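The values are calculated or read from the model by the stated rules, or taken from the named source; none is laboratory data. On a predicted model such as this, the values are computed, not experimentally measured, just so you know. Glycine gets a Cβ as well: all are built from the backbone with ideal geometry, and neighbour counts include every protein chain shown.
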Amino acid sequence: MKLRRKIVLVGTIAIIVCTFVSCTNTKVDANKPRTFMWEVKNGNKKLFLLGSVHIGTKELYPLDTNITKAFENSDVLGVELNPNNVDFMELISVLFDFSGEGYKKLPQEVKDKLKEKIEKFDDSGMDAKMFETMNPVGIAFMLETLKISELANNIDDIQNSIAIGIDNYFLNLADSLNKEIYELESVERQLQVFTNLGDLINEYILTSLEQDTQLKLEDFNKITTAWKNGDVKTIEEFTNINYSKNEQLNTKIKDELIIKRNKEMAKKIEKLFEENKKYFIVVGAGHLIGKDGIIDLLQKTGKYEIKHY
C-alpha cells in the first residue's frame with residue numbers, strides 16, 4: 001500500500017466513519033439480509049453503487065460474488081476520494097495558520113480542554129504546541145484523526161484494518177488492474193464540512209473534546225458484521241445518534257456532512273450515464289441509504305430502475 005495513500009486515508013477516515021456511523025437516518029427495509037450494493041439502470045445503461053465500511057477486517061472477505069462480478073465488468077472505479085490526486089500543499093494551507101492567530105481566537109475553555117486531551121496521547125506524536133500552528137478547521141480535522149488513535153488502542157493492526165477497508169481494497173485492486181479511477185469529491189471538499197460550520201466550529205471542537213469518542217471494539221465488530229450480512233437494521237442502530245446537545249450544530253452537521261454532499265454526488269452520478277463507460281462506485285454506506293441518501297435522490301427523479309442486491 002502506498003505511503004501517500006496511508007497518510008491521506010488516516011487523515012480523512014474519521015470524516016467518513018462519522019458519515020457511516022452517526023449521521024444517517026435510514027428507512028431501508030432490512031427484513032432480509034442483503035448486500036450494500038445497488039444497480040441503477042437507465043435504458044440500456046447501468047452502473048453499480050456499493051456502500052462501504054472504511055475500516056475493515058479479514059472477515060469481510062471474500063466479498064459477495066455479485067459485488068466482485070460488478071467490479072470485474074466495470075471500466076471505471078468511482079470513489080469519494082482518489083488519494084493520488086491530493087495536493088498536499090493546498091491541504092496544508094487549509095489546515096494551518098502559522099501566524100498563530102487562528103489558535104489565539106479559540107475560547108480559553110477550548111484551549112484548556114485541548115491541552116488535556118493531547119496529554120492523553122503522549123505516544124501519538126502530537127502535542128499542544130502543534131495545534132497552536134493550526135486554524136480551527138485544522139484542529140477539528142486533527143481531533144477526528146485522534147479518534148483513529150483511540151480506535152487503534154482496540155485493534156491490533158489498525159493500518160492493516162484501514163488497508164482492507166472496502167474503499168481501499170477496490171482502490172488497490174483498480175491500481176493493480178490499471179483500471180481508471182474517478183473521484184466524486186476531494187480532500188478539500190471533505191474539509192469544507194468543517195469550514196462551512198462557521199462560528200459553530202468552536203462548539204464542534206468543544207463537543208469533540210468533551211465526548212467519549214472512542215469507538216469500542218464491540219461496536220466496530222457489530223458494524224463490520226452488519227455490513228457483511230447486509231444487515232441495514234443493525235446499521236440503523238448506529239445512525240440515530242446526535243453529535244451534540246446543541247441542536248443547531250446537529251442540524252448544520254447533517255446538512256454539511258450528509259445532505260449537501262449527497263446531492264452533489266448524486267448529480268455527478270447522473271452525469272455518468274451520458275458516458276459510454278461502465279461504472280462501479282464505492283462511497284460510504286451512510287451516503288446511500290435513507291431519506292436524502294443517494295439512492296433516494298436517484299429514485300425521486302423517476303428516471304432509473306434501481307435494484308438492491
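Run down Asn168, Asn240, Asn153 and say which single residue is out of contact with any Ser or Thr (no Cβ under 7 Å at 6 or more places or on another chain), modelled with pLDDT of 75 or more and not small (Gly, Ala, Ser). Exactly one of Asn168, Asn240, Asn153 is out of contact with any Ser or Thr (no Cβ under 7 Å at 6 or more places or on another chain), modelled with pLDDT of 75 or more and not small (Gly, Ala, Ser), namely Asn168.
Of all residues being of a type in the set (S, T, N, Q) and within 18 Å of the chain's Cα centre (by Cα) in the range 164-182, which is farthest from Ser74 (Cα to Cα)? Just the residue, please. Among those that are of a type in the set (S, T, N, Q) and within 18 Å of the chain's Cα centre (by Cα), it is Asn168. The residue that is surrounded by the fewest Cβ atoms within 10 Å (Cβ to Cβ), among those in the range 269-295 that are at pLDDT below 95 and among the charged types (D, E, K, R), is Lys291.
Quick check on Ser244: is it free of Cβ contacts under 8 Å to residues at least 60 places away in the same chain, under 30 Å from Pro107 (Cβ atoms), hydroxyl-bearing (Ser, Thr, Tyr) and buried (at least 17 other Cβ atoms within 10 Å of the Cβ)? Yes, satisfied. Where helices (runs of 4 or more DSSP H) sit wholly within the range 1-103, those with at least 3 residues that are modelled with pLDDT of 90 or more occupy 65-72. Does at least one position in the range 92-102 carry a residue that is polar (S, T, N, Q) and closer than 29 Å to Asp219 by Cβ? No: the range 92-102 contains no residue that is polar (S, T, N, Q) and closer than 29 Å to Asp219 by Cβ.
Restricting Tyr169, Tyr204 to residues that are more than 26 Å from Lys254 (Cβ to Cβ) and assigned to a helix (DSSP H, G or I) narrows the list to Tyr169.
Report yes if Ile162 is outside any loop (DSSP other than H, G, I, E, B), more than 21 Å from Phe96 (Cβ to Cβ) and at pLDDT below 85, otherwise no. Yes: the conditions hold for Ile162. Of the residues that make up the range 105-120, is at least one in contact with a helix residue (DSSP H, G or I) (Cβ under 7 Å, 6 or more places away or on another chain), assigned to a loop (DSSP other than H, G, I, E, B) and at negative phi? Yes, the range 105-120 contains a residue that is in contact with a helix residue (DSSP H, G or I) (Cβ under 7 Å, 6 or more places away or on another chain), assigned to a loop (DSSP other than H, G, I, E, B) and at negative phi. Just one residue in the set Lys245, Lys263, Lys254 is under 16 Å from Gly290 (Cα atoms) and modelled with pLDDT under 95; that residue is Lys254.
Taken over the range 124-135, residues that are under 24 Å from the mean Cα position of the chain (by Cα) and modelled with pLDDT of 85 or more amount to 3. When Phe141, Phe121 are screened for being modelled with pLDDT of 85 or more and either surrounded by 16 or more Cβ atoms within 10 Å (Cβ to Cβ) or of a type in the set (A, V, I, L, M, F, W, C) (or both), only Phe141 passes. Take Glu188 and decide whether it is more than 17 Å from His287 (Cα to Cα) and at pLDDT 80 or above. Yes; evaluated as a whole, the condition is true for this residue. Of all residue pairs spaced 6 or more apart or on separate chains, those with beta-carbon atoms under 9 Å, a first member in the range 98-117 that is within 9 Å of Leu209 (Cβ to Cβ) and a second member that is part of a loop (DSSP other than H, G, I, E, B) are Leu114/Leu106.
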